[in-house]
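These notes concern the structure reproduced below.
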Amino acid sequence: MVDSMSLNDYVKYMTQTVVQHLEKSPQERRTIKELRKTERPAFLFRWFGVIPYALMLFFKRK
């Protein structure tokens, strides 16, 4: 019974999330998407960690 309740809660949460997303206007969704893109860290930092980013900064100074 515990598993069915957690599944039920998950379905309820997902349904609420989808409905909230669909109720937003297309412009509002677009601005949220653009904000997420600008807040995203650099490609090298995201994929390979701090070391390539530190090396890049080190070589830029020279």
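Since every read-out is calculated from the coordinates, none of them should be taken as a lab result. Note that this is a predicted model, so its numbers are computed, not measured. Every residue, glycine among them, receives a Cβ derived from its backbone with ideal geometry; neighbour counts consider all protein chains shown.
Okay, helix-only estimate at 222 nm for the chain: each DSSP H run of n ≥ 4 adds -39500 (n - 2.57), divide by all residues, round to 500 deg cm²/dmol; what do you get?
Details: 4 runs with 54 residues, N = 62.
Rounded to the nearest 500, the figure is -28000 deg cm²/dmol.
Give me a comma-separated list of calculated 3J(HN,Hα) values for segment 10-15, in order, Karplus coefficients 6.51, -1.76, 1.60 applied at θ = phi - 60°, integers in Hz, x for any Gly or Pro.
5, 5, 4, 4, 5, 4
How big is segment 2-61 by Rg and Dmax over its Cα atoms, in Å?
Every Cα atom of segment 2-61 included, Rg and Dmax give 19.7, 58 Å.
Which of TRP47, PHE59, ASN8 sits closest to the plus end of the dipole of the chain, meaning its Cα is farthest towards the positive end, when Lys and Arg get +1 and Asp and Glu get -1 on the C-beta?
So the residue we want is PHE59.
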